[in-house]
1. Going by average Cβ neighbours within 10 Å, how do the peptides 478-486, 126-134 rank, with the highest at the top?
2. Over the range 20-148, with a single point scatterer placed on each C-alpha, what log10 of the ratio I(q)/I(0) does the Debye formula yield at q = 0.09, 0.18, 0.22 1/Å?
3. Strictly greater than 17 Å: what percent of every Cα pair in the range 422-507 meets that?
4. I need the peptides 280-290, 299-309 ranked by packing, meaning the mean over residues of other C-beta atoms within 10 angstrom, with the highest value on top.
5. With +1 on each Lys and Arg Cβ and -1 on each Asp and Glu Cβ, and nothing else charged, work out how big the dipole of the range 376-481 is about its Cα centre, in Debye to the nearest 20.
6. Compute the separation of the alpha-carbon centres of the range 372-419 and the range 439-485 and state it in Å as a whole number.
7. Using the alpha carbons of the range 5-77, what is the convex hull volume per residue in cubic angstrom, as a whole number?
8. Which helices count as membrane-span-like in the chain under these terms: full DSSP H, at least 24 Å along the axis by C-alpha, Kyte-Doolittle mean of -1.0 or more?
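Coordinate-derived values only; no laboratory data. Computed from a predicted structure; not experimentally measured. Here the Cβ positions follow ideal geometry from the backbone for every residue, glycine too, while neighbour counts run over all protein chains shown.
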Amino acid sequence: MQKGMHTHRERCVRAVQSKDARFDGWFFTAVLTTGIYCRPSCPVVPPKPENMTFYPSAAACQQAGFRACKRCRPDTSPGSPEWNQRADAVARAMRLIADGVVDREGVPGLAARLGYSTRQIERQLRAELGAGPLALARAQRAQTARLLIETTDLPMAEIAFAAGFSSIRTFNDTVREVFALSPSGLRTRVPVRARTTAGGTLTGTPGTPGASPGTLCLRLPFRAPLNPDNLFGHLAATAVPGVEEWRDGAYRRTLRLPYGHGIAALTPKPDHIACRLTLGDLRDLPVAISRCRRMLDLDADPVAIDDQLCTDPFLAPLVDKAPGRRVPRTVDEGEFALRAVLGQQVSTAAARTHAGRLAAAHGEPVDDPEGGLSHLFPAPEALAALDPESLAMPRTRRTTLLTLARQLGDGTLHLGVESDWEETRARLLALPGFGPWTADVIAMRALGDPDAFLPTDLGIRRAAQELGLPSTPAALTARAAAWRPWRAYAVQYLWATDSHPINFLPV
């Protein structure tokens, strides 16, 4: 699989004819004789090759006048792995669009975040994806609308504005155009019992004072295989008390979102991740889904990653034993960076204790009737205002933490889905108290760099020594060149050789 796969006609035809789900999200098949578009794994009889044409995005299919297939629901396929493995402007733009920036700030806001003109962004997205930022954001709004229509009993007017549409008329027109059904027609296809069971009954108008929080139960798809052990094990073992917890087989945590706060509960299942979202404002739904998917690395292509790592005879047995490991990431890049500083040269338990105390004292309180969550992790601005003497940690780490908090709070340093990995890593290394380990773990787990590597990490060096790999940082880095561009995933396999709780699914 590769960039611009939709241009490789023969490979696309073979993928469609074999109904290979690994290619879902990489490209979309539009059928000229029916006017619909599908994911490659669509269960219907494949069309004749001469009737197939291929597009890089659902938005491009919609722009060309095709409507979504009602059988395979291409709008709900996993996202393209490209956007999480690349650092160019198009990939960064796609991550921002998924995070709802176009809906909140418009195309000028998207361009400003990337440091380009709107014309440049428009041109680059159209050249690669066949659609501009507005069309891509519109496709995402349509997907959100369909989700709310089919899983809740909310009135259509409330769904329209929760999904990000500016008017009910635009909402109606878009749904009809994309799905060839009216909003009410989409809803009648789903039994009432299935709606209320899947999503619960939601009340209250998004964005209005006194609105009741909305709770939805969703299925987050992924490309198989997915090994949940290190993914959920890491999140649970490092959970900050009051901010995160493992309860009843689910990882739960509070979310700081553009229009309010929320709570996510994520449970691993054999063929999907069960996601229960409780939101104070339903306009935050697309962002919450995007951040949960990103935290769990659900858009990764595990087959391509594992195939590359298996070329190394030292890693191959680890991959064969438990394939499909993901990189546990974060829902808040700034929060993770601050927690990485708290974890410098201390145990996992000590880092949790420090972070829990900060959250209890300086985080915003939240209400969680279903569990033990009590706070959002403190915002950088709140930490930047603290008296240094109030922090029970070594003076040098105190300085590092507060310097980072100030720069995040005043915008001097920005960590986000649009961050340039190499530039941001260099800026982190320029901060007092930041060494390669801290910068690289932030690059790997917060910024999402799939090639970030931790050659100085004690666990990595210990695993390398046990496997017969070079254990000095310089020699190990040279040896790891063969694992590129997936060294962050190699880290997960190396860490998994240890008996640390991060490597095991909690019971």
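1. Packing order, densest peptide first, comes out as 126-134, 478-486.
2. Reported log10 I(q)/I(0), two decimals: -0.25, -0.95, -1.31.
3. 50
4. By packing density, highest mean first, the sequence is 280-290, 299-309.
5. Charge dipole of the range 376-481: 440 debye, to the nearest 20.
6. Computed from Cα coordinates, the inter-centre distance equals 27 Å.
7. 74
8. For the chain, where a helix must reach 24 Å along its axis and average at least -1.0, the hits are 133-151.
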